[in-house]
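The values are calculated or read from the model by the stated rules, or taken from the named source; none is laboratory data. Note that the coordinates shown come from a computational prediction; the quantities given were computed from them, not determined experimentally. With ideal geometry, Cβ positions are generated from the backbone for all residues, glycine too; neighbour counts draw on all protein chains shown.
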Amino acid sequence: MSEALEITLIEPFLTGSHEVWAKGLCEHSRHNIKVLALPGRNWRWRMRGGAITLAQNFLAEKHQPDLLLATDMLDFPTFLGLTREQTHSLPSAIYFHENQLEYPSQAHHESKPGHTSQYELLNFTSALAADAVFFNSDFNRLSFLEALPKFLQGYPDYQGLDRVSEIAEKSSTLHLGLDLSSMDPQRPASPKPITRPLILWNHRWEYDKNPTAFFCAVRTLADEGLPFSLAILGENLRDDPKEFLSAKRNLGERILQFGYTETAEEYARWLWEADLLPVTSRHDFFGASVAEAIYCNTKPLLPRRLAYPELLPGDSEALFYDDYDELVERLRTEIQSFSEVVESQEQETPWRKQISRFDWREQIEIYDTAFEKLVGA
């Protein structure tokens, strides 16, 4: 085994899944990883100006790592330019949790139709500046590379289309590492009694997760008189989450949990308790909350697009749907045949076994080897 590397992880937006990933990487890696970060708020300003403050902080610490590892929220060229006296010879990598070229359009409400986006351009130049470009899924990597030419063609001249192949050659996938095994202690010791299925929402309360379609589907089945309960988890960052407040009024008697759980243990208990996970997201570059629920034996119903087929490849066709009408019909069938669902959850489900490969205990060796190869260790 090679000697431990000194790695500086630069994260301008340390919150949510970014923070969980950074913490897991630090805890499980055999290398020494120092996190240089800013609080996770004001994401537009973090992408535009975070590099200035982080460069200043990096120089002040006078720490010379073996490798720089940034995330996609950083303006990497600016950071490298401001720290060139210390970083000009250091290997560098960038990790894309998401990419702005393929993010749903509402996220870019600052940009007008027909105009290119400064955030997309930052992703492009950051990928150019890094020695290696890592993505959390093949879907993320391929969608970024496929979208780049069209994006660059929006500029009048000197479009840099030849640089896309350069980025592609140094790009690879490092699937998101998750601390799945930490949820094992909350697994029920004995099978739960068969009553009615518990339908789960465990995503952010944001438009890109498409809560409108989710609540429309469950409201349709509730109006039919089908027996089920709801657990509405996930973080709310909105002042007026209208879809959720409306659901609380209309489905309140069915909702057993409404809102963010206070602890990771409580969150895991709800995932183990849940039976069905109908996913309606407009976009997901990986799907951490989906993977966590699947690991806890919650049966998913997933759109046959985005990153989900990558999570469950092979013999998982029955878990996917093509459109909203099929989702409602599939969910209806699952509720009506609920006793069979419970019996399947008492066993180790095939989808849980597939998801287990994303646990940090399996992923970390892949990460550490990639870092060592980049440094030449």
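See the values below:
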| quantity | calculated |
| --- | --- |
| Condition check for TRP45: part of a helix (DSSP H, G or I), touching a residue at least 24 places away in the same chain (Cβ under 8 Å) and in the same structural domain as ASN99 (by TED's automatic domain parsing) | no |
| Selected residue [in contact (Cβ under 8 Å) with a residue 40 or more places away in the chain, charged (D, E, K, R) and either surrounded by fewer than 22 Cβ atoms within 10 Å (Cβ to Cβ) or assigned by TED's automatic domain parsing to the domain that holds ASP208 (or both)] from GLU326, GLU262, GLU317, GLU273 | GLU273 |
| Condition check for LEU67: touching a Pro at 6+ places or on another chain (Cβ under 6 Å) and either surrounded by fewer than 20 Cβ atoms within 10 Å (Cβ to Cβ) or under 19 Å from PHE134 (Cβ atoms) (or both) | yes |
| Selection status of ALA51, crowded, with 22+ Cβ neighbours inside 10 Å, part of a helix (DSSP H, G or I) and over 21 Å from the mean Cα position of the chain (by Cα) | yes |
| Residue in segment 249-262 that is over 18 Å from GLU329 (Cα atoms), over 24 Å from the mean Cα position of the chain (by Cα) and polar (S, T, N, Q) present | yes |
| Check on ALA37, surrounded by 15 or more Cβ atoms within 10 Å (Cβ to Cβ), outside any loop (DSSP other than H, G, I, E, B) and at pLDDT 95 or above | yes |
| Out of ARG254, ARG204, ARG249, ARG238, sole residue that is among the charged types (D, E, K, R) and free of Cβ contacts under 8 Å to residues at least 12 places away in the same chain | ARG249 |
| Residues located in segment 193-233, provided they are hydroxyl-bearing (Ser, Thr, Tyr) and more than 27 Å from GLU262 (Cα to Cα) | THR220 |
| Which numbered condition ARG196 misses (of (1) part of a loop (DSSP other than H, G, I, E, B); (2) touching a Cys at 6+ places or on another chain (Cβ under 8 Å); (3) not hydroxyl-bearing (Ser, Thr, Tyr)) | (2) |
| Hey, ASN236 within 23 Å of CYS296 (Cβ to Cβ), in the same structural domain as ARG330 (by TED's automatic domain parsing), surrounded by fewer than 18 Cβ atoms within 10 Å (Cβ to Cβ) and among the polar types (S, T, N, Q) or not | yes |
| Residue identified as of a type outside the set (Gly, Ala, Ser) and closer than 22 Å to SER182 by Cα among GLU224, GLU235 | GLU235 |
| Filter pass, LYS150 being touching a residue at least 40 places away in the same chain (Cβ under 8 Å), over 22 Å from PRO313 (Cα atoms) and not aliphatic (A, V, I, L, M) | no |
| Top-ranked residue of segment 54-93 - restricted to ones that are of a type in the set (Asp, Glu) and part of a helix (DSSP H, G or I), ranked as farthest from the chain's Cα centre (by Cα) | GLU85 |
| Evaluation of TRP360 against (1) touching a Phe, Trp or Tyr at 6+ places or on another chain (Cβ under 7 Å); (2) at pLDDT 95 or above; (3) buried (at least 20 other Cβ atoms within 10 Å of the Cβ) (one fails), failing number | (1) |
| Residue, nearest to the chain's Cα centre (by Cα), within segment 149-188, restricted to residues that are loosely packed, with under 14 Cβ neighbours inside 10 Å and of a type in the set (Phe, Trp, Tyr) | TYR155 |
| Residue count for segment 193-233, restricted to those that are surrounded by fewer than 16 Cβ atoms within 10 Å (Cβ to Cβ) and in contact with a strand residue (DSSP E or B) (Cβ under 9 Å, 6 or more places away or on another chain) | 2 |
| From LEU198, LEU128, LEU142, LEU161, residue being farther than 28 Å from GLU27 by Cα, touching a residue at least 60 places away in the same chain (Cβ under 8 Å) and not basic (Lys, Arg) | LEU198 |
